[in-house]
1. With a/c under 1.5 counting as rounded, go ahead and sort the stretch A:29-121 into rounded, prolate or oblate using the C-alpha gyration tensor (a ≥ b ≥ c being the square roots of the eigenvalues; past the cut-off, prolate if a/b is larger than b/c, else oblate).
2. Under the Karplus relation 6.51 cos²θ - 1.76 cosθ + 1.60, θ = phi - 60°, what is the ordered set of whole-Hz ³J(HN,Hα) values for the stretch B:17-33, x standing for Gly and Pro?
3. Could you compute how fast the stretch A:31-79 diffuses translationally, taking Rh as the Kirkwood radius over C-alpha pairs and applying Stokes-Einstein at 37 °C with viscosity 0.692 mPa s? Give it in µm² per second.
4. Set the Förster distance to 41 Å, then compute FRET efficiency between A:Q180 and A:R218 from the Cβ-Cβ distance, nearest 0.05.
5. Under a 5 Å amide H to amide H cut-off, with H placed in plane at 1.01 Å, what residues pair with A:F33 once short-range neighbours are removed?
6. Rank B:S37, A:T145, A:T224 by how far each Cα sits towards the positive end of the charge dipole of the protein assembly as shown (+1 on Lys, Arg Cβ; -1 on Asp, Glu Cβ) and give me just the farthest.
7. Can you work out the Karplus-derived ³J(HN,Hα) for every residue in the stretch B:75-82? Use 6.51 cos²θ - 1.76 cosθ + 1.60 with θ = phi - 60°, whole Hz, and x for glycine or proline.
8. Given a 1.4 Å probe and no ligands, DNA or RNA in the count, how much accessible surface is buried by A and B, both sides, to the nearest 100 Å²?
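The values are calculated or read from the model by the stated rules, or taken from the named source; none is laboratory data. Since this is a predicted model, take the numbers as computed values, not measurements. Here the Cβ positions follow ideal geometry from the backbone for every residue, glycine too, while neighbour counts run over all protein chains shown. Just the protein is used for accessible areas: all its heavy atoms, side chains included, with ligands, DNA and RNA removed. Shrake-Rupley method; radii C 1.70, N 1.55, O 1.52, S 1.80 Å.
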Amino acid sequence: MEPRILEVRTKILKKNDELARSMRSRFQDLGVFVSNWVSSPGSGKTALLEVTLRELLHRGFSVGAIVGDLETDRDAMRLARSGAPVRQIMTHGCCHLEADMIERELVHLPLATMDFLFIENVGNLVCPTSWDLGESLRIALLSVTEGEDKPLKYPGLFNTSDVVLITKSDLAAVCDFDRQATLKNIESIQPKAKIFEVSTKTGTGLENWFDYLEERRRIDSALTHA
Amino acid sequence: MHELSIAQQLIAITNAHLPNEPAPRVLRIKIRLGEFSCVHQDSLSKAFSMLTQGTPMESTELVIERIPLAVYCPACERVSDSIHGVQSLRCPKCDGATGDIRQGQELELEWIELASEAPDKSSRT
């Protein structure tokens, strides 16, 4: 007798994709604008997220955050100083967040009244790329200290990102940051990416960034409830 | 090392597809892996053999078909030929920028091959 072939033809991450899709429609129904922040460790995600939470709270929005790290709740403690509800996921070695990890945290957040939910992924430019977390906006952060060829070396993340935040712009001169090459390299991987150059330290570019987030939420919500 | 999570999913999907018969033996699993899937082939194979050690799938062969990258260029109005060794996602023909990937992100389980013979109960526990 011959061996039998079972045709399956399914995406290996189908379970994650389906959960992410259902979470995204739940977020949209509730009017929560969700973003997924991905970068290498040390790009300034937490610092920028902290000022973003503060500013949106100041503008009258209800915000919250979920932060992923291998160990410790240090980032959650930092973000909670803004006054926003924050949940820490400790992955204990897992290099990325998955949709079911996010889903488990949602019951602890006041989703029904929330306007923005920020997900700070584990610091890693490779592994988070394949996992949809139900976000409406994927944000890649690239600090000027990292070098202009990062988008070419880690094209998967930059290709799937809607926004690229070039952070620590106050250090650009010290680092001989090649701005033109960076912009060209991002364009080579994802020409549609919206790019912001910001410095959490000096405040440069932050107003534009906050305004953009507010506008994106407004557009997203108008599309959903049209 | 996200390949470990992917191998776990692969094993779970395979188990879910196994027919309802005593100890079906999986000979081979065929997957399609895009060159732009952000998954390292060797790491995935290692993760798979690590996770299946001491299980009925211990000797299952993981067959991996690599799918090259191809992009759609809006200027040329066509899908590019296969791009090997990704240096950028620009159109290989006109060098125009395009992030529009049409092939090469696959991460799919295509088929499962099962042994036909009835399992010998004395050799398996």
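1. Working: a/c = 1.80, a/b = 1.26, b/c = 1.43.
Judged from the Cα gyration tensor, the stretch A:29-121 comes out oblate (a/c at least 1.5, b/c at or above a/b).
2. In residue order, the calculated couplings are 8, 5, x, 7, 9, x, 6, x, 9, 8, 7, 9, 10, 10, 10, 10, 10 Hz.
3. Values: Rh = 11.9 Å.
Approximately 276 µm²/s, per Stokes-Einstein.
4. Working: r = 32 Å, r/R0 = 0.79.
For A:Q180 and A:R218, the calculated efficiency is 0.80.
5. Hits under the 5 Å cutoff: A:F116, A:L117.
6. The residue sitting farthest along the positive end of the dipole is A:T224.
7. Result, ordered by residue: 6, 7, 6, 8, 7, 5, 5, 4 Hz.
8. On the way: alone 11540 and 7900 Å², together 16540 Å².
Looking at A and B, the buried total is near 2900 Å².
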